[in-house]
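Structure record follows, encoded as structure tokens.
Computed from the coordinates by the stated procedures, all read-outs in this text should not be read as laboratory data. Nothing here was measured: the structure is a model prediction, and the numbers come from that model. In this analysis, Cβ positions are derived from the backbone assuming ideal geometry, glycine residues included, and neighbour counts consider all displayed protein chains.
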């Protein structure tokens, strides 16, 4: 939280009413406890968001739906007709984690065409992205699995956010970080100096509570050098059960698959999440799979995030350090350990 | 795909309650349907020609015909689309007659349902694939199960046509029920005189191998190549040595054995030759009555046998044989009439069955052809015949008409008069059923020439009085009770499927009805075929019938078998399972459940995989439903095809 | 139009070719009147019926599913119906826990000669489904009415 | 010798003949262990078995078919081994099972509930086992919890705490839990009625992200790479985010496990979104036990849905 940006304030009591007004112009997503998980759900008008709930999933699906109808088709008419899906409406994610917002920064260069000189712009992604406002709520504590500070983030990092909210005793202090953020908070009063000061102190306290960050600058080269080290990857992946939990919970995993669901005459074209841990991911029509086993696939997943992606995108890791892949992994695979092992292994070779 | 849809009117059978043109209009909008029309009779020649013309004119690659049941005309239309140049499996049928127009009269609902069934058929057809049969060689050998007159006829006809025939007979002799009869209606000619020579023909025919006192143990395989295991039951007499001299049967001390051939009219010995004309004329031991088996000592027959043929230690033997076709001719048994308490439930010796009476009438029977009352050996004067015992009687679970009792009762009444000129016969009947050639005349003759008194009514009670039996019943024509004093009562007991019929049907994988009679392929058009290719029916096992009909059906079954086995090669049904080796994980579940052992494990570059043995697979699809990853799919009934049908019904 | 609104419900039948489909034919030949709701999918053997087909229909919008095969001992393929019996009997245990009324699914045996029995089964089952009323689809299920209906205009 | 030491010496003794022994070692945070592949004696120092030994090591066995492997097994793990062997998905002789008396394993969701208002489980700095209790270091000080209150549900009804089919068993066998109706939870759940349950699954399944952790954590799901969940040929389910497609996968999983599921609960534990997917399988297991008396992984012989009786005395068919 920077000292020289505009700060607004909203009390906890005023929050439900304020968000209800926001919801009149778009969908407001906020974390909600459900079962043993915390998921982003559209907030019902008048409901207070569950500020203490740390989302199990990332909010990437608001911009990049788990399964999106690209268009529907009807081939029976005299002229075969394609119907575009309706334009998505505006959305606000209220209470995103800082790492969630930073996740979109890994998405953007892939989908906005910057990697292809602007030729391959993904309009489906971009139209939702431009209409989604991210209100990040700074974390009040770190989990054992958190490592945002290893990859350039922090519990209250403003990167990627339109608004950064910090919880204080009376309410939320909002740091306005973009024009859209300013419009969102226009009706709110400015924060007092005391309020802003309390927010700064809260941020500092949580930042200080984080253990020190590991040094990862050697990771891209180390992982590249281990590309052919089958034994290393076999050992690292031994207990991996190659489900898609890590990728689907990850704020930066952006892969998808396209399928048609059709009765032969009419149907829809779907874009659905795909994940590189799945044996189908690189399965070729011939039946050949260049990544036939989980060791190959885990190598790709880790290598992509910490070596291949950075080599294409100015050194940025495709990882925001949210730790969900560790926290929710059914077999306790720890990506931090793999990267550090790789650095160590490469140094020994 | 370009689908053509043809909605058949079937005259007014379908069009009477289905708007066929409306269905055709709706079908025109279904996926891939490019041509849709209604048609008066799709199965008739002009109808088939119209289908063929449309295929050519519109470049159709698949055809849906909505008409009657595919069990009727699917083969017809498959041939038609083949003539049009398409693969025969690029065809689907929607059953809008038996399943729609014939079961309801609501035009709107029927039309809608018909359109739905067509949608379903078209949805499946879109996923049909061209299938091509494979050829396999045929074993030119026929198995005939049962050596009664129907089986004998089938065996002789087939053998005469040059086929090898294996005949299996449960009893120690062939001849069946007909061999027990004294005379036959309506000609009153001697049964054994007409049957005997044919039995001898069976024994002597170079193409026929007879296994008497044998039963079918197991059948596997499929049309053209059945593997059959025959159990040769231990006769305890080596038939290679036995000359049929009969010395053993004379000397056997166990003289109170039940005489199966003579229906228990008088006892017999434990070692027997069933009757003088038996084929094969060989002795066999009935262990239940043999002292050697019951008391552990005796051995008389072994001592007297001039050829040393008796072998008490003989065990059942098994013979494996490969055949191309099977004729089932297992005949019938009499219903157990002792369920009728009002007829004495078997307690009165002078109440006998019609078949027992035949043995009394027969010159080769235990009484030497003299009619004698079992109780006192006296010649009866008043003989009462009771018809419809366990026929047309729902109360004992036999609601059907046995068909032949009216005629044989008339015959027996005539023979009674011939044997005992001063006798009087009374016949209690419900209706006289005599629709055969010369039959009705016969039933008139017995009344008019032989003076048998026919009383229309059921007998309500038979009870002994003095040395006689009092038969009480209604006379529905006269309207009152009648009582007849009888010296002997003959029950015209109805027939039922031979004991063990259901078990045999299960081995043969054919259907049977609630009474155990085997189901023909179609009640009219496939009277001797079954739904299992290569298995045919002859005689009373398919439904009770008299001798002429049994013989006719025996010949018919032989003709069908000859037609089948005249071919060197048969086409296999390509609707069988196949394995996608990429998806198979070698879990063996399909192998575990396959009823035909048609799936084997193979090694593919070190990985276990399932493989279907194409000629053995029967296409049931059990493996398909078992395989969790759908790696094994039944062609023409794949998961996707059935799912498309489900979707077509549920999505719209 | 799929089922007649207000008149019919969506009843899917899976019948083996050799016995029950023949039994339904026999019922037709005998002109044994039946309700029109049922649509029959013909399969070679009840053993071919993956319980998941039943579930696909029930989750996909069917109001009732009826399976019929050859009587035990009469299977054309000797054993298919024995497996079907176990699998379908077990399947009944899945319906209540999923929130599907178990009365929406039945299996039975009808032989090719039992036209009257088939009529009775269809009448009884259809009445049972009508008593239960239409099944509420799972949220997000494409309701029949919501679906794109290419043929609706042609009627 | 402690159980830990006994287990270590049992592993050590077996290792020379095995390519590896699968057990448990330290995980990414204090409340979670990780499956450990012990390939040499050096790996043994990371080994521990006990309250955190949640993962089912049998999961890894089918993929290792063809080599000799050891597993340290809780009772429920041993049932999975037994079922895999019964179905010949593994060769029993290739697997060296080292059993020990299991006292139950942790359910982190229950810890979360117990720590409500204190901290999240992910903030616990250390866990110490202390007899029937555990002591947790939280940002607000030590919290002591009874193991039985935070043990997995399956442990409360465990009839198979000892790996009875083990090749080596270490320690003293525990008595199985005696429960009157092991499926009382399912009966109570069903009692909520079809309408409520339908709404229940609609809500629960709407969270599903189709990651298939449930499937991949299941030791008996051996089609994994060829699962029909994602195949087009056959094409059982679409790739939408709709409840029917997502729920149908759970139906597939349950049906494919009927008569095979040992109730190890890994599917439900693996679900990152906390969807109670084990319920469907337990409903079917209850039915299979009632009909055929078959307890998967304990019973031997052909699984009930791969065989039949001509007369089924326990199947009461409808009398039409």
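Quick notes on this structure:
- Normalised by the number of residues in chain A, the average gap of Cα pairs under 8 Å and 6 or more apart makes the relative contact order 21 percent.
- For the stretch D:9-86 versus the stretch B:364-402, the gap between their alpha-carbon centres in whole angstrom: 80 Å
- Measuring max minus min along each principal axis, the C-alpha atoms of the stretch D:181-320 give extents of 44, 35, 33 Å (largest first).
- Per residue, the convex hull spanned by the alpha carbons of chain C comes to 115 Å³.
- Length released on extending from residue B:294 to residue B:82, taking residue separation times 0.36 nm less the Cα-Cα span: 69.6 nm
- Computed over the stretch A:22-92, the Cα gyration tensor eigenvalues convert (square root of 5λ each) into semi-axes of 34, 15, 9 Å, ordered from largest to smallest.
- Over the stretch A:219-348, the ratio between the Cα radius of gyration and 2.2 N^0.38 Å evaluates to 1.15.
- Packing-based ranking of D:111-118, D:297-304 yields D:297-304, D:111-118, ordered from highest to lowest mean Cβ neighbour count within 10 Å.
- Ranked B:597, C:92, criterion: other C-beta atoms within 10 Å, fewest first: B:597, C:92
- Among B:297, D:110, D:74, sorting on how many other beta-carbon atoms sit within 10 Å of each Cβ, with the fewest leading, yields B:297, D:110, D:74.
- Helix B:191-204 vs. chain B, principal-axis angle (Cα, 0 to 90°, nearest 10): 60 degrees
- Rg(Cα) / (2.2 N^0.38 Å) computed for the stretch D:108-150, rounded to two decimals: 1.01
- Projected-area average for chain A over all orientations - Cα convex hull basis, square nanometres: 20.5 nm²
- Among A:153, A:287, A:197, residue whose mean-square fluctuation peaks in a GNM of chain A (springs only between Cα atoms under 10 Å): A:287
- Rounded to the nearest 10 degrees, the inclination of helix C:115-132 to the longest alpha-carbon principal axis of chain C is 30 degrees.
- Centre separation in Å (Cα based) which lies between the stretch A:265-279 and the stretch A:211-230: 32 Å
- Here, the stretch D:1-123 is characterised by an Rg to Rh ratio of 1.02, where Rg is the alpha-carbon radius of gyration and Rh the Kirkwood radius.
- Expressed in units of 2.2 N^0.38 Å, where N is the residue count, the Cα radius of gyration of chain B is 1.17.
- For the stretch B:256-357: relative contact order, % (alpha-carbon pairs under 8 angstrom, 6 or more apart): 17 percent
- Within the protein assembly as shown, DSSP assigns beta bridges of which about 55% are antiparallel (rounded to the nearest 5).
- Residue order for D:91, B:420, fewest other beta carbons within 10 angstrom first, comes to D:91, B:420.
- Neighbouring partner chain Cβ atoms per residue of D:268-277, average, 10 Å criterion: 6
- Counting DSSP beta bridges with both ends in the stretch A:1-122, the antiparallel % (nearest 5): 75 percent
- Rounded to the nearest 10 degrees, the inclination of helix B:639-650 to the longest alpha-carbon principal axis of chain B is 80 degrees.
- Sorting the segments C:23-33, B:240-250 by their mean number of nearby beta carbons within 10 angstrom, highest to lowest, gives C:23-33, B:240-250.
- Sorted peptide list for B:512-522, A:121-131, D:174-184, criterion being average Cβ within 10 angstrom, highest first: B:512-522, A:121-131, D:174-184
- Counting only other chain Cβ atoms within 10 Å of each residue's Cβ, the peptide D:199-206 averages 4.
- Computed on the stretch C:11-146, with alpha-carbon pairs under 8 angstrom and 6+ residues apart, the relative contact order is 36 percent.
- Interatomic Cα distance distribution for the protein assembly as shown, bins of 10 angstrom, percent: 1, 7, 13, 16, 16, 14, 11, 8, 6, 4, 3, 1, 0, 0
- Neighbouring Cβ atoms from other chains, within 10 Å of the Cβ of residues in C:27-40, number 6 on average.
- Alpha carbon centroid spacing (whole Å) that separates the stretch B:590-652 from the stretch B:107-148: 18 Å
- Taking a ≥ b ≥ c as the square roots of the eigenvalues of the alpha carbon gyration tensor, the stretch C:1-61 is oblate, as a/c is not under 1.5 and a/b does not beat b/c.
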